[in-house]
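Novice: Mind looking over this structure? Questions follow.
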Amino acid sequence: MPGLEDLYREIILDHYKSPRNRGELATPPAVSAQGHNPLCGDEITVYLQLDGNTVTDIKVGGSGCSISQSSASMMSQAVKGKSVDDVKAIVRRFKGMMSIDTEDDSPLPDVKLGDLEALQGVVKFPVRIKCATLAWNTLTEALAEAGQS
Ligand code: ZN
């Protein structure tokens, strides 16, 4: 019987080897934002297509370590097709799991993280937290670019 940590490692590797929603979107109509984690050399580009208040499409480009790239893949899967409010709730929930203070004292939204829970072990390695959150900070910048901050 594989333990939970093995299962988590498998999920992370699966997203690293077969990243979801990989590619680019034409800007405009999509918006994009770029993120960089100099501590590890991770690069992420997030392309967002919004229709009104809904993220109708998302693509991710970039390169870097398995944590940064698998987090980006899982993030794209989690937010695609969601409303901007739901996306912001997922961002808060994920950052909460990473023990990051979001300067918002309201209770954490009750949203499912799914595969993203595989990254919760990263919180034990402070240097890797920046790898795991890079895609999420870049997503937040892309939302701001779309006028949804
Ligand atoms: Zn990294």
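The values are calculated or read from the model by the stated rules, or taken from the named source; none is laboratory data. No experiment lies behind these values; they were computed from the predicted model shown. Heads up, the Cβs are rebuilt from the backbone with ideal geometry, glycines too, and the neighbour counts pull from every protein chain shown. These accessible areas exclude ligands, DNA and RNA; they are computed on the full protein's heavy atoms, side chains included. Shrake-Rupley method; radii C 1.70, N 1.55, O 1.52, S 1.80 Å.
Novice: Calculate the dipole size of the chain relative to its Cα centre from +1 charges on Lys and Arg beta carbons and -1 charges on Asp and Glu beta carbons; express the result in debye to the nearest 20.
Specialist: The calculation lands at about 280 debye.
Novice: Between Q120, Q69, Q34, which gets the highest mean-square fluctuation from a Gaussian network model of the chain, Cα cutoff 10 Å?
Specialist: Checking each option, the largest mean-square fluctuation is seen for Q120.
Novice: Could you give the nm distance between label points at S149 and V123, where each point is 7 Å from its Cα heading toward the beta carbon?
Specialist: 2.8
Novice: Which of the trypsin sites (Lys or Arg not before Pro) found in region 51-149 are in a DSSP loop and have at most 12 neighbouring Cβ atoms, other than their own, within 10 Å?
Specialist: Passing sites in region 51-149 are K112.
Novice: Taking the full set of protein chains and a 1.4 angstrom probe, give the accessible area of T27 in square angstrom, rounded to the nearest 10.
Specialist: Here the accessible area works out near 70 Å².
Novice: Give, as a single signed number, the net charge of other residues whose beta carbon lies under 13 Å from the beta carbon of K17, with Lys and Arg counted +1 and Asp and Glu -1.
Specialist: +1
Novice: OK, next. Between their Cα atoms, which of K59/K82; K17/K82; K82/K124; K17/K88; K82/K130; K80/K124 are more than 23 Å away from each other?
Specialist: Too far apart for the 23 Å limit: K17/K82; K82/K124; K17/K88; K82/K130; K80/K124.
Novice: Enumerate the whole-percent occupancy of each 10 Å bin, from 0 to the last occupied one, for all C-alpha pair distances of region 4-145.
Specialist: Answer for region 4-145: a P(r) of 13, 46, 35, 6, 0 percent.
Novice: Which of G52, G96, G23 moves the most in a Gaussian network model of the chain with Cα springs under 10 Å?
Specialist: The residue that fluctuates most here is G52.
Novice: Of the heavy-atom accessible surface of the chain (probe 1.4 angstrom), what whole percent is carbon and sulfur?
Specialist: Carbon-and-sulfur percentage of accessible area, whole number: 50.
Novice: Report relative contact order for the chain in percent, whole number only (criteria: Cα-Cα under 8 Å, sequence separation at least 6).
Specialist: 28
Novice: Say a site is exposed when it is one of the GluC sites (Glu not before Pro), sits in a DSSP loop, and has at most 15 other Cβ atoms within 10 Å; what is then the longest site-free stretch of the chain?
Specialist: 25-102
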